[in-house]
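Data first, discussion second: the structure below is written as structure tokens.
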Amino acid sequence: MTIEVRVPTLGESVTEATVATWFKKPGEAVAVDEMLCELETDKVTVEVPSPAAGILGAIVAAEGETVGVNALLATLGEGAAAAVAAPSAAPAKAAASAAVDVMVPTLGESVTEATVATWFKKVGDTVAQDEMLCELETDKVSVEVPSPAAGVLSEIIAAEGTTVQAAGKLAVIGGAVATAASAPAAAPAPAPAATSAGKDIAHAPSAQKMMAEKGIDAAQITGTGRDGRIMKEDVMKAASAPQAAAPAPMASAPRAPSPAEDAAREERVKMTRLRQTIARRLKDAQNTAAMLTTYNEVDMTEVMALRNTYKDDFEKKHGVRLGFMSFFTKACIHALREVPEVNAEIDGTDIVYKNFVHMGVAAGTPTGLVVPVIRDADAMSFAEIEKAIAEKGRRARDGKLSMAEMQGGTFTISNGGVYGSLMSSPILNPPQSGILGMHKIQDRPMAINGQVVIRPMMYLALSYDHRIVDGKGAVTFLVRVKEALEDPRRLLMDL
């Protein structure tokens with residue numbers, strides 16, 4: 001009996017993923033729940049376990065291919081005969097040499113075109129079956145195109161930079177030889193991998209190709225992917241890092257370089273389609289919302305004193321550290337009750353007021369900023385909020401957040417202070433109408449009761465959608481947050 005291995009549910013609104021790594025090869029025995037492959041989406045990495053014990057048969061979706069939800073990835077057989085012929089079987093006779101077309105693979109649901117980013121082979125080069133020929137870029141992912149047969153690359157139809165349609169023709173392989181089975185004595189090609197704590201880690205296929213092109217050793221790169229896996233962006237960062245140079249002899253008279261000399265030292269790199277999409281969407285968010293930012297500052301003396309007094313008892317009782325985020329979350333919830341339009345959103349010509357608070361808490365990860373959502377934060381205690389933030393932050397750093405955990409927020413808090421930011425204007429997270437920016441706590445001289453004293457101060461920034469929130473409401477919200485933090489007893493008294 002043949003068992004199908006299909007793409008699992010990827011999360012709310014996520015319809016496609018890229019096959020990043022196959023951990024097994026056709027013909028290998030697998031146990032139930034043993035990891036077969038790893039898929040990558042825009043936000044998270046998804047591992048696909050084996051649904052049953054057996055022998056891995058055909059791999060339908062190769063590394064680099066984009067697949068939709070429930071798409072067929074591979075098949076499993078119950079015995080060795082279901083996957084490959086016995087080693088003693090004579091290899092099938094090779095088919096006659098012929099020309100084979102290289103076509104654009106399936107790009108994913110709703111994706112109709114791609115750009116040819118890089119050709120790894122030139123016309124006249126000999127290629128092996130499944131050897132990577134070129135890389136395509138779509139708005140979402142990079143897709144590597146393997147050779148459908150062994151032979152010679154006789155013609156490139158779509159050059160680098162060309163936009164091609166789904167199922168379009170890319171190139172022609174001449175003298176192709178298709179065989180039914182490989183010779184039993186053929187040794188399997190070693191999978192490129194780095195070791196970490198005795199565990200093999202397969203790097204992203206696009207990263208492997210770029211390392212080979214640029215002559216960079218994997219040992220010189222710090223991988224930001226799962227378990228230290230090297231991604232394409234890691235190789236690009238290592239390649240662009242400045243190299244140490246020998247000190248140049250001092251010139252007798254310095255002269256300004258000419259424009260031509262400056263141009264020779266520049267590097268012009270075409271934006272990827274993914275980066276173009278990010279840039280376009282960020283600009284669309286600014287163009288859609290009437291975004292405005294108002295500022296205030298808060299004296300953190302009372303919050304810091306309260307935290308220092310109870311942090312040990314708090315951690316002993318609740319098993320989690322008492323941080324500042326629970327105070328800010330509580331203060332924002334308190335202010336949202338008084339200014340509900342900051343917790344609302346526009347839907348056509350309607351304003352939708354949320355009678356609950358799903359708090360988004362921005363978190364930095366090795367691969368970028370994500371915003372996990374603490375649902376019904378308005379019904380949580382300080383300890384419950386701290387536990388939820390710690391758990392979401394840990395899952396974010398491990399790349400285990402699902403799309404559902406990053407959607408549905410009604411308001412967002414972003415803490416740039418952990419990176420040293422003194423002041424900034426955060427960008428709204430549509431369709432939300434408000435986002436609070438926290439910043440670095442810095443000792444500053446303040447006038448208190450006619451005397452100059454040193455106080456730990458923090459700048460606060462509220463970016464809001466002026467289509468819903470008036471200036472009075474925005475200022476009132478920020479003042480209420482300031483009052484609650486400077487006198488935390490107001491939170492207990494609901495003032």
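Throughout, read-outs are computed from the coordinates displayed, never taken from laboratory work. Bear in mind the structure is a predicted one, so any value in this text is a computation, not a measurement. Glycine gets a Cβ as well: all are built from the backbone with ideal geometry, and neighbour counts include every protein chain shown.
Below are the figures for this structure:
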quantity	calculated
Potential lengthening between Met304 and Ala166 on full extension [0.36 nm per residue; Cα-Cα distance subtracted]	43.9 nm
Dipole moment magnitude, nearest 20 debye, region 1-72 about Cα centre, only Lys, Arg, Asp, Glu C-beta charged	200
Cβ-Cβ FRET estimate between Glu315 and Asp262, R0 fixed at 51 Å, reported to 0.05	0.35
Residue-span extension gain [Ala31 to Asp125] - 0.36 nm each, minus C-alpha spacing	29.8 nm
Cβ-derived FRET efficiency at R0 45 Å, Met493 paired with Arg467, nearest 0.05	0.85
Computed lengthening from Ile351 to Asp217, 0.36 nm per intervening residue step minus Cα-Cα distance	42.7 nm
Region 98-176 - Rg (one decimal) and Dmax (whole number), Cα, Å	11.8, 35
Peptides 405-411, 117-123, 328-334 ordered by average Cβ neighbours within 10 Å, highest first	328-334, 405-411, 117-123
Rg over Rh, two decimals, region 282-493 (C-alpha only, Kirkwood Rh)	0.96
Residues of type lysines that Lys283 reaches as a straight line, Cα spacing below 24 Å, ignoring anything fewer than 8 places off in the same chain	Lys43, Lys140, Lys270
